[in-house]
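Comments concern the structure below.
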Amino acid sequence: MSLETLWLALLGLLLAGYFVLGGYDYGAQMLSPFLGSADTGPRPDTGAGAGPGAGTGTGPDGRNAALDAIAPFFLGNEVWLVAFAGVMFGAFPHLEGSLLSGLYPLIVAILAGLVLGNAAIQLRGRTRGARAVKVWNALVVLGGALPAVCWGIVVGLLLHGVPRRADGSFHVGAGEVFGPFALTCGVATALLFAGHGAAFVALRSEPGTAAAARRIGATLLAAAGAAGALALLLSVFGAGASMTRTWTSVVLFALIVAALAAGWWYLGKGRDTLAFTATCLATALPVLLIGAGQYPYLLSASASGGITVDDAVADGATLKVLIGFGVVIVPLILLYQGWSWWAFRGRTGRRHPSYF
């Protein structure tokens, strides 16, 4: 395997890992008002009576079941995005320059959503007034929905192709962002992340919350499948994805559909571990669809051509120097992620306290 292929695979692995781990964070944030209060009992300094948050996704002590489920992980999951950006900057500098400049408004919106969501979750846990809690709850949802929709639009634009100017630069305008295919991909990704988050909450929560999460998650995965079918229909009629490897793309799309169907089925049967495994696959496979379905292009133009792997990759000497990053940093990320999952295994309230 060449160094270029190795670094391309690592780039895809890091982005797929971020979609899987960050995806359930965003999904849980979007679902936090709908999954009821955490049912693990009140904190020691609060009473057990019904409070102002009853029936609104907030417990009498201000707790929230969905946020409790992601509490030990949600900041650590962003490490995958940082690592992805580091590999793109170092190993594919020409892609970084073209991609960030062309998709600048969407990248800014994603980062704004990340900051807003993280701040709202932290500040929500330090607020006691009912009205203020409602405001932070709304911002928590927005902080999950905004990155989810924007990442979906980015996926849609990359699948469709990004307009290229005469000077070779890439530019994305409102017409592309709000085009039917990009918007459909944005909605489909938001629904997928929300269903993925529901599967994670079902895996992590107590029985009452888990049952509600299964019902909501099954509905969301079915809706994501319907949005994906619309995106496929647009592609069939020439208004959607433009792929260089048609049969590879067909196989990968079929795998995404199968993963969605499996997630829906297992949620209905109460098989939380298998359902979450299926939604993990469904959130990771779109990254492979972009990479393998459009190979050798990393950033394709909507008309023709684009940036290939050879155009975007750094020189061989730089790649060799960067091997130290891959050998040291990536295993550390995997070890940290594995340790955090082991340390906080089990359902919320049984193995660790509430954080928010």
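Values as computed for the structure displayed
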| item | result |
| --- | --- |
| Residue among Leu298, Leu100, Leu142 with the largest mean-square fluctuation in a Gaussian network model of the chain, springs linking Cα atoms under 10 Å | Leu100 |
| Residue-span extension gain [Ala258 to Ala229] - 0.36 nm each, minus C-alpha spacing | 9.2 nm |
| Theoretical FRET efficiency, 1/(1+(r/R0)^6), r = Cβ-Cβ of Thr5 and Leu75, R0 35 Å, to 0.05 | 0.60 |
| Calculated FRET efficiency for the pair Ala239/Tyr336, C-beta based, R₀ 56 Å, to 0.05 | 0.85 |
| Nitroxide proxy distance, nm - points 7 Å out along Cα→Cβ at Lys320 and Thr248 | 2.8 |
| Gap separating the Cα centres of segment 164-225 and segment 258-335, nearest whole Å | 16 |
| Amide H contacts under 5 Å for Leu299, placed H, 5+ residues apart | Ile307 |
| Surface accessible to a 1.4 Å probe, Leu319 within the full protein complex, Å² | 0 |
| Sites matching chymotrypsin sites (Phe, Trp or Tyr not before Pro) across segment 169-230 that sit in DSSP coil, with at most 12 neighbouring C-beta atoms within 10 Å | Phe178 |
| Positive-end residue, the chain charge dipole about Cα centroid, Cβ charges, pick of Ala199, Gln294, Tyr336 | Ala199 |
| Stretch gain in nm, segment Val327-His94, where the contour uses 0.36 nm per residue and the Cα spacing is subtracted | 81.6 nm |
| Karplus 3J(HN,Hα) series, Hz, for segment 305-320 with 6.51 cos²θ - 1.76 cosθ + 1.60 (x for Gly, Pro) | x, x, 9, 8, 4, 5, 5, 8, 6, 6, 5, x, 5, 5, 4, 5 |
| Amide hydrogen neighbours beyond the local backbone of Thr348, cut-off 5 Å, H modeled | Ser205, Glu206 |
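The values are calculated or read from the model by the stated rules, or taken from the named source; none is laboratory data. Remember, it's a predicted structure, so these values are computed and weren't measured experimentally. Reconstructed Cβ throughout: ideal geometry from the backbone, glycine too, with neighbour counts over all protein chains shown. These area figures cover heavy atoms from the full protein model, side chains too; ligands, DNA and RNA do not enter into them. Shrake-Rupley method; radii C 1.70, N 1.55, O 1.52, S 1.80 Å.
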